[in-house]
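Any read-out appearing in this document is the output of simple, stated calculations on the displayed coordinates, not a laboratory observation. Remember, predicted model here, so these are calculated numbers, not experimental data. Here the Cβ is made from the backbone with ideal geometry for all residues, glycine too, and neighbour counts use every protein chain on show.
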Amino acid sequence: MNNAQEDAPRALQDIEASRLAMRSAIRAHRGHLLLWLWGLVWIAMSALCRIDRRLVAVCAALLGFGCLVWPILFGGLSSYKAAFGYSTPLWMPLYIVAGIWFDNYLLWVGLAVSALVVAEFLLVPGLFWALTILCGAVLVGRGFNVRYIWR
Amino acid sequence: MDQLDYTIHQPARLQIMSVLCQLSDGERVDFTYLKDHLGLTDGNLGAHLSTLEARGYIAADKEFVARRPKTFVAVTPAGRQAFAGHVAALQLLLAPK
């Protein structure tokens, strides 16, 4: 017990030193500087461009994916296999940007699939197979809608 | 009342647990990173990890990445709890009576 009492300050100092070193390593590893740099580049671009609603919407969509959707999904995964399983939202910004720029049915496909993947991940993470059926059904259903009903 | 955990109290294991407890749930580090970060040798780190794993404080997974075997280490909920209890016990020892 006496030894432990003598050791305690040293042990707590070691813990604090390790904690700070690891925090610093995590901060360096997570590349926040790169994110800040590109964030500022995007903001500067919007200031340089003529204000265009579509451009603002595209910036908002990309920021939404970069700051919200991807961190929620990929920040909570522990294996490459799971990351691959949830990789669909990696491509959804392309649908959304194309939808904003050209024709909005792609926008709704991108939003619906992303929302379904995130909702499934948060609410029923064990049922990825059901999600794939649901997302596939969204795409097929939207295909029918575009073919027979849209416009 | 929290008591000192002498498995964790050993200096190298204390450092290992401090580092691993900084990670969020689901995050893990690979063996080589941990070895370099703590300045330990392969054998030394391996022995300490085995001790912690035997107590259920950490989980080590071996995987192949680019055809090379890699060991990933993460703290378990029991390990997190034990570490928090150990820190509380240390603080209690130093608290004025």
Q. Tilt of helix B:11-21 relative to the longest C-alpha principal axis of chain B, in degrees (0 to 90, nearest 10)?
A. 80 degrees
Q) Taking N as the number of residues in the range B:21-97, what is its Cα Rg relative to 2.2 N^0.38 Å? A) 1.29
Q) What is the helix-to-structure angle for A:53-64, meaning the angle in degrees between its Cα long axis and the longest Cα principal axis of chain A, kept from 0 to 90 and rounded to the nearest 10? A) 40 degrees
Q. Hey, can you rank A:94-107, B:60-73 by average C-beta count inside 10 Å, highest first?
A. A:94-107, B:60-73
**Q.** Per residue, the convex hull volume that the Cα atoms of the protein assembly as shown enclose (Å³)
**A.** 189 Å³
Q | A:Asp14 paired with B:Ala66, simple spin-label distance in nm, labels 7 Å along Cα-to-beta-carbon | A | 3.4 nm
Q | Taking B:Ser24, A:Ser18, A:Ser87 and counting other C-beta atoms within 10 Å, the order from fewest to most | A | B:Ser24, A:Ser87, A:Ser18
Q | Packing-based order for B:10-20, A:54-64, using average beta carbon neighbours within 10 Å, highest first | A | B:10-20, A:54-64
Q: With a cut-off of 14 Å, note down the residues of the range A:83-104 whose backbone N falls inside the zone around a label point 7 Å from the Cα of A:Arg54 toward its beta carbon.
A: A:96-104
Q | Average beta-carbon neighbours from other chains, 10 Å sphere, peptide B:30-39 | A | 1
Q) How big, on average over all directions, is the shadow cast by the Cα convex hull of the range B:1-55, in nm²? A) 4.3 nm²
(Q) Give me the three principal axis extents of the range A:78-151 from the C-alpha atoms, as integers in angstrom, largest value leading. (A) 43, 22, 17
